[in-house]
Amino acid sequence: MDPLKALADAERKPYWLDSPAKPEPQPRLFGNTTADLVVVGGGFSGLWTALMAKERNPSLDVVLLEGRRIGWAASGRNGGFTMATLTHGLANGLERWPEEIATLERMGLANLDEIGETVARYDIDCGYERTGELNVATEPWQLEDMQESVQIAREMGLHFDILDQDQIRAEVNSPTYVGGFWERDGCAMIDPARLAWGLRQACLSLGVRIYERTPVRSIKDTQTSMELLTPNGTVKAGKVALGTGVFQPLLRRLKHFLVPVYDYALMTEPLSAEQMAAVGWHNRQGIGDSANQFHYYRLTADNRILWGGYDAVYYNGGKIKPEYEQRDETFVKLAEHFYTTFPQLSGLRFTHKWGGVIDTCSRFSAFYGQAHGGRLAYAVGYTGLGVGATRFGANVMLDMLSGERTERTELRMVKEKPLPFPPEPVRSVGIQMTRWSIAQADRHQGRRNLWLRTLDRMGLGFDS
Ligand SMILES: Cc1cc2nc3c(=O)[nH]c(=O)nc-3n(C[C@H](O)[C@H](O)[C@H](O)COP(=O)(O)OP(=O)(O)OC[C@H]3O[C@@H](n4cnc5c(N)ncnc54)[C@H](O)[C@@H]3O)c2cc1C
């Protein structure tokens, strides 16, 4: 179908948030209150922190402050790939923390197991399916890169199965696939908005006080307590955890390490039984292709296909604006790529198109830290893979705030910070040059130009 026609009736909003399951908002904060712990941000990062703080110590008085609505930002509009990796993939982790990677993989798998257990314990209806991820190669050079990763993964005892062209097409039928591998344990698929709303309900059931539409304007350290100022009230607290993602950081130093990158997705109408038969996909894995500019895609509970990725857009100047959540040029490109991958679905139309902003840092995986004499902790910089990893980051923040030294807090990955991005306008020039170079590499069998090789040597990068 002509992509423009296929997109013509698509609603300009995130599919997951456009749901009758969306709860009524919790109240705004009016007046002054106190708490033992204040969590700022009602995405996965903040929700996991508040929930696990209560699970660790039920008598702790916990307040969560969300500037808009629970789950409205990245957490409610993502692909729903809940990955075990804490390092934005094995290759990135191996490159940066080789001596820790086995520990990080073990902790990541345990974290994913515990997400599954939490979903079951609180009976969260978020379509949790631990189907694993299919990594597909669409060009022979991608297969060569894969072989090495799979071998290392297997040596570490991870369950990765190599699939040749026939085997991978037997899983999911696309004429573009030349091979790939199935990472069996490392990924669960979820409906992200329903997970966020379910975690919200779990928090409330344990006594967390949640205030929505209550942005924190500033945090004052009065020596005796931390004071969080909001438009209509104040919270005085002993400790603060920041799960504020990419938004204007309440701790100034964070702004040097984070850039907002926009990622876009489409949702199709549900596939008929015949259309499902034409693609196969009986094992319902999440799928990612393996170029530097990659697509990610998956089935929903009612057999729609979410199709996203490819363009990762940094708007010069680094602003976050509602109008950036729509980009027709990218939607058309995504639709074209969809029909190339699945020509047998050429009659299928799209019902939703949307974008969202990602907290990218130069090492691609979250970083952690403390301020105000250990009374404030933060975890940010998930770079497009935070659905699972935010729960790990929440545990790191709680460990730090308790003053405990744990296996988590002693990790080099947790102690180190990424390299900062240069200030504007150099930042914009550097990022656009990197994006251009990445696209060139995909056109030339993955070969990286001098600019990318220099960044690689410096441990600096740009990804989504
Ligand atoms: C299109 C898209 C697809 C993605 N796909 C995947 C995927 O498949 N798998 C994956 O692992 N990751 C994916 N991601 C990334 C993932 O969604 C994020 O890493 C994760 O949701 C980050 O959670 P968070 O809580 O840190 O941030 P957010 O979800 O951004 O939440 C931060 C919250 O803090 C609030 N806040 C900020 N400042 C203040 C303040 N001063 N006062 C009060 N509240 C404040 C915001 O309003 C917001 O609600 C995707 C992201 C996008 C945009």
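The values are calculated or read from the model by the stated rules, or taken from the named source; none is laboratory data. All values derive from a computational prediction rather than experimental measurement. FYI the Cβ positions are ideal-geometry reconstructions off the backbone, even for glycines, and counts take in every protein chain you see.
Scanning the range 310-327 for residues that are modelled with pLDDT of 95 or more and either in contact with a His (Cβ under 9 Å, 6 or more places away or on another chain) or among the acidic types (D, E) (or both) yields E323, E325.
Identify the residue in the range 207-228 that is outside any strand (DSSP E or B) and of a type in the set (V, I, T) and, among all such residues, is nearest to the ligand (Cβ to nearest atom). Full working, then the answer.
Applying the first criterion (outside any strand (DSSP E or B)) to the range 207-228 yields 207-208, 212-217, 222-225.
Okay, now just the ones that are also of a type in the set (V, I, T), so 208, 214, 216, 222, 224.
Values: V208: 15, T214: 7, V216: 4, T222: 19, T224: 23 Å.
The residue in question is V216.
All of (1) surrounded by fewer than 24 Cβ atoms within 10 Å (Cβ to Cβ); (2) touching a strand residue (DSSP E or B) at 6+ places or on another chain (Cβ under 9 Å) hold for T49 with one exception: (1).
Here L204 fulfils each of the conditions (1) within 14 Å of the ligand (Cβ to nearest atom); (2) in a helix (DSSP H, G or I); (3) touching a strand residue (DSSP E or B) at 6+ places or on another chain (Cβ under 8 Å) apart from (1).
Yes/no matrix, rows are residues, columns are (1) more than 24 Å from N173 (Cα to Cα); (2) in contact with a His (Cβ under 7 Å, 6 or more places away or on another chain); (3) modelled with pLDDT of 95 or more:
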residue	(1), (2), (3)
N232	yes, no, yes
A241	yes, no, yes
R252	yes, no, no
K255	yes, no, no
Q275	no, no, yes
A278	no, no, yes
H282	no, no, yes
G286	no, no, yes
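Please enumerate the residues belonging to the range 139-175 that are farther than 15 Å from G280 by Cα and touching a helix residue (DSSP H, G or I) at 6+ places or on another chain (Cβ under 8 Å).
At the first step, the residues of the range 139-175 found to be farther than 15 Å from G280 by Cα are 139-164.
Selection gives S149, I152, A153, M156, L158, F160, I162, L163.
Report whether or not G157 is surrounded by fewer than 22 Cβ atoms within 10 Å (Cβ to Cβ), on the phi > 0 side of the Ramachandran plot and at pLDDT below 95. Criteria met by G157. Restricting attention to the range 301-342, the residues that are more than 11 Å from the ligand (Cβ to nearest atom), acidic (D, E) and either out of contact with any helix residue (DSSP H, G or I) (no Cβ under 6 Å at 6 or more places or on another chain) or part of a loop (DSSP other than H, G, I, E, B) (or both) add up to 4. Look at the range 222-245: where a residue is more than 11 Å from V38 (Cα to Cα) and a partner is among the aliphatic types (A, V, I, L, M) and more than 11 Å from the ligand (Cβ to nearest atom), sitting 6+ places away or on another chain with Cβ atoms under 7 Å, you get S225/A237. Evaluation of P231 against the conditions (1) under 30 Å from L64 (Cα atoms); (2) over 17 Å from the mean Cα position of the chain (by Cα); (3) away from the ligand (no atom under 11 Å from the Cβ) shows that the sole unmet condition is (3). Answer with yes or no whether R298 is within 14 Å of the ligand (Cβ to nearest atom), outside any loop (DSSP other than H, G, I, E, B) and among the basic types (K, R). So R298 fits the description; yes.
Among the strands (runs of 3 or more DSSP E) contained in the range 105-189, which hold 2 or more residues that are touching a residue at least 40 places away in the same chain (Cβ under 8 Å)?
Values: elements: 133-137, 160-163, 179-183, 187-189.
Where strands (runs of 3 or more DSSP E) fall fully within the range 105-189 and carry at least 2 residues being touching a residue at least 40 places away in the same chain (Cβ under 8 Å), they are 133-137, 179-183, 187-189.
Quick one: is G243 under 27 Å from R298 (Cβ atoms) and within 9 Å of the ligand (Cβ to nearest atom)? The answer is yes for G243.
Scanning the range 262-286 for residues that are within 11 Å of the ligand (Cβ to nearest atom) and either more than 17 Å from V357 (Cα to Cα) or surrounded by fewer than 23 Cβ atoms within 10 Å (Cβ to Cβ) (or both) yields Y262, G286. Selection of the range 233-287 for residues being in a strand (DSSP E or B) and basic (K, R) yields K236, K239. In the set (1) crowded, with 19+ Cβ neighbours inside 10 Å; (2) within 16 Å of the ligand (Cβ to nearest atom); (3) in contact (Cβ under 8 Å) with a residue 60 or more places away in the chain, the condition left unmet by R96 is number (2).
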